[in-house]
Protein chains: 2
Amino acid sequence: MTDIAAIEAAATRLQGHARVTPMLSSPFLDALAGRRVLVKAECLQHSGAFKYRGARNALAALDPPGVVAFSSGNHAQAVALAARERGVPAVIVMPADAPAIKIANTRALGGQVVLYDRAREDRDAIGARLASEHGYALVKPFDMAEVIAGQGTAGLEIAAQASAEGVSQADVLVPCGGGGLTSGIALALEARAPGMRVRPVEPEGFDDVARALASGQVVPNDRLSGSIFDAIITPQPGNLTWPILQRLCGPGLVVDEAQVLHAMALAHDRLKLVLEPGGAVALAAALAGAGEGDAVIVVASGGNVDRAMTGRALATKT
Amino acid sequence: MTDIAAIEAAATRLQGHARVTPMLSSPFLDALAGRRVLVKAECLQHSGAFKYRGARNALAALDPPGVVAFSSGNHAQAVALAARERGVPAVIVMPADAPAIKIANTRALGGQVVLYDRAREDRDAIGARLASEHGYALVKPFDMAEVIAGQGTAGLEIAAQASAEGVSQADVLVPCGGGGLTSGIALALEARAPGMRVRPVEPEGFDDVARALASGQVVPNDRLSGSIFDAIITPQPGNLTWPILQRLCGPGLVVDEAQVLHAMALAHDRLKLVLEPGGAVALAAALAGAGEGDAVIVVASGGNVDRAMTGRALATKT
């Protein structure tokens, strides 16, 4: 079970490896949101997303002779990088139709990429078979104790950085796919900043967590693709993450594509940060007024976006 | 005179106000440069550029009833922000043809903007007259001891952060206009990281410092405008900065527009940072192979760029 002790242990393992990412702000964003907005810039994490925390922690905790992972994007790059740093091989199962740049990046980081057909093959089965064949550890993208604990180290940093800014009561808005980051941060803040409340943020049409929090029932999303939010369109929360989300999170928030593209453009103008759509949903929610009280904390979870998508965001009206 | 004691005093004044900006890196940039590239991300400083350090230090050291500054961009916004934080009025003299967004931002930060005609009026004379009339302090953009000391605090951080990365010998490439940042960093590193060598980086056609370092003679640039590098096209180094540059800097480096647009695009892809052209010249030089030894340190000095210019950079080929 993941608890604060597991997150503290992860923080020790990550010291000197993961970046302590900065908490940024802009008076212009504060004015738009109607309260202080503190942005935890996880797009500046190694591999361009928070995923490095969980990947590195899992590899350090399990110390396997090699690793297998499945992912179409951020988790793939994070596992490839963490494995290379530890000097063990990484086999990454990716859909054949994943963006070419993400496949190329994963390979450039030393990952051995195995492509599969998203329509006809089961990535879980392929991952499990490869791990068993090689005697490697399977590092799952979110539903794994060591991964949740690693992502939770971002929550320890949020508690300390918000405290340094004089903020102890705030909603903490977190982009939510399978819930690894959200549940990890919620566990860390429960212990270290009990005046804070975590709220998952999802894109319209992929709001499985918001619906589950509202009804108490997990019902998967209808759609599995066809979205600019490729990083966070997981069908439903995990077996490990869901009970944590249900116990600790406030109501979920939902944003639409136009709000997110606008938030990406404002991150460019005001924070000098590059965000991917899935990494900008929490900022979009804050700019739309979400949160209560004097300050709101936003996790900007990733920046692995291609140039065309950034161009699309910058073409939106301010 | 600015020395390490003045820089340490500035660091004390800036504590809790200026951001300790992160030192970032990417294995993809290391591969392109042929050595480790450590990027000091001053675009993440308050107001989007290192200028906040010097502005805030000058205001804290002089404690004036108000402040006057002249600038077409980054210094204007930094002084307006620092003055607002200290609760004193700021009068900012800006050319009437400055980018509308920079004028609007300066006003939004509480600055009282006085426009002048760049072709017919002398901004130094206007600034001096306004300061004298109001009894305000004039905070110059670079040729002022308190400003140099403030910018030097970035050098203290570079020394500590590079040491934490195991780097004690390296060229430190710094975007150079009037030389306030470059001279401040050079003084800090002389005292705290004597194995490092500062090298100013300028755009083609505005290489007054590189020429002066090579010949020992300061000869102003021919052109004063017509460049995408608005932040760093000062005609020549200052009376205070030049002797420091001459004593401490290695040979200057010069980059062209295409190299800088390419560096901006790679900062987007690999660092998730938004850089303005003047803030990207040192990264461009490193990617072109500048520096010696195992590692090179690059200052990414600012990110106040409009969306169209970012779009232009992203349209360059990788």
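The values are calculated or read from the model by the stated rules, or taken from the named source; none is laboratory data. No experiment lies behind these values; they were computed from the predicted model shown. Cβ sites come from the backbone with ideal geometry, for glycine too, and all protein chains shown count toward neighbours.
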*Among the residues of segment A:127-137, is there at least one that is of a type outside the set (Asp, Glu) and under 22 Å from residue A:9 (Cβ atoms)?*
yes
*residue A:80: within 14 Å of chain B (Cβ to nearest Cβ), more than 23 Å from residue A:178 (Cβ to Cβ) and hydrophobic (A, V, I, L, M, F, W, C), yes or no?*
no
*Filtered residue count, segment B:104-139, keeping only those that are surrounded by fewer than 23 Cβ atoms within 10 Å (Cβ to Cβ) and assigned to a loop (DSSP other than H, G, I, E, B)*: 10
*asked:* For segment B:82-97, give me each residue that is crowded, with 24+ Cβ neighbours inside 10 Å and under 21 Å from residue B:7 (Cβ atoms).
replied: B:82
*Can you confirm whether segment A:256-265 contains a residue that is touching a helix residue (DSSP H, G or I) at 6+ places or on another chain (Cβ under 8 Å), surrounded by 24 or more Cβ atoms within 10 Å (Cβ to Cβ) and modelled with pLDDT under 95?*
no
_Considering only segment B:214-228, I want to know if a residue exists there that is closer than 30 Å to residue A:315 by Cβ and out of contact with any Pro (no Cβ under 7 Å at 6 or more places or on another chain)._
yes
*State all residues of segment B:1-51 that are over 30 Å from residue A:77 (Cα atoms), out of contact with any strand residue (DSSP E or B) (no Cβ under 7 Å at 6 or more places or on another chain), crowded, with 19+ Cβ neighbours inside 10 Å and at the interface with chain A (Cβ under 10 Å from one of its Cβ atoms); if no residue qualifies, say none.*
B:46, B:47
*May I ask you to list pairs of residues, at least six apart or on different chains, whose Cβ atoms are under 6 Å apart, with the first in segment B:126-137 being at pLDDT 95 or above and the second being among the polar types (S, T, N, Q) and surrounded by 13 or more Cβ atoms within 10 Å (Cβ to Cβ)?*
none
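Matching residues to (1) at positive phi; (2) modelled with pLDDT of 95 or more; (3) outside any helix (DSSP H, G or I):
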{"site": "A:150", "(1), (2), (3)": "no, yes, no"}
{"site": "A:166", "(1), (2), (3)": "yes, yes, yes"}
{"site": "A:183", "(1), (2), (3)": "no, yes, no"}
{"site": "A:194", "(1), (2), (3)": "no, yes, yes"}
{"site": "A:197", "(1), (2), (3)": "no, yes, yes"}
{"site": "A:200", "(1), (2), (3)": "no, yes, yes"}
{"site": "A:219", "(1), (2), (3)": "no, no, yes"}
{"site": "A:226", "(1), (2), (3)": "yes, no, yes"}
*Could you tell me whether residue B:100 is farther than 29 Å from residue A:42 by Cβ, within 14 Å of chain A (Cβ to nearest Cβ) and small (Gly, Ala, Ser)?*
yes
*Go through segment B:254-303 and give me each residue that's more than 23 Å from residue B:198 (Cβ to Cβ), within 14 Å of chain A (Cβ to nearest Cβ), touching a strand residue (DSSP E or B) at 6+ places or on another chain (Cβ under 8 Å) and touching a residue at least 40 places away in the same chain (Cβ under 8 Å).*
B:274
*Would a scan of segment B:168-183 turn up a residue that is among the small types (Gly, Ala, Ser), out of contact with any strand residue (DSSP E or B) (no Cβ under 9 Å at 6 or more places or on another chain) and not assigned by TED's automatic domain parsing to the domain that holds residue B:62?*
yes
*Matching residues, segment B:217-246, being without any contact (Cβ under 8 Å) to a residue 24 or more places away in the chain and over 25 Å from residue B:305 (Cβ atoms)*: B:217, B:219, B:220, B:222, B:243
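Going residue by residue through segment A:243-253, is there one that turns out to be surrounded by 21 or more Cβ atoms within 10 Å (Cβ to Cβ) and either within 14 Å of chain B (Cβ to nearest Cβ) or within 30 Å of residue B:42 (Cα to Cα) (or both)?
Step one: of segment A:243-253, the residues surrounded by 21 or more Cβ atoms within 10 Å (Cβ to Cβ) are A:244-245, A:249, A:252-253.
When the remaining residues are screened for being either within 14 Å of chain B (Cβ to nearest Cβ) or within 30 Å of residue B:42 (Cα to Cα) (or both), the result is none.
No, that holds for no residue.
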_If residue B:52 satisfies all but one of (1) in contact (Cβ under 8 Å) with a residue 24 or more places away in the chain; (2) over 18 Å from residue B:143 (Cα atoms); (3) in a helix (DSSP H, G or I), what's the number of the condition it fails?_
(2)
*Take the residues of segment A:291-318 that are more than 19 Å from the chain's Cα centre (by Cα) and in a loop (DSSP other than H, G, I, E, B): which is nearest to residue A:177 (Cα to Cα)?*
A:291
*For residue B:106, which of the numbered conditions (1) of a type outside the set (Phe, Trp, Tyr); (2) away from chain A (no Cβ under 14 Å); (3) within 15 Å of residue B:67 (Cβ to Cβ) fails to hold?*
(2)
*List the pairs whose first member sits in segment A:3-14 and is within 12 Å of residue A:53 (Cα to Cα), whose second member is among the basic types (Lys, Arg), and whose Cβ atoms are under 7 Å apart, counting only residues at least 6 apart or on separate chains?*
A:14/A:53; A:14/A:56
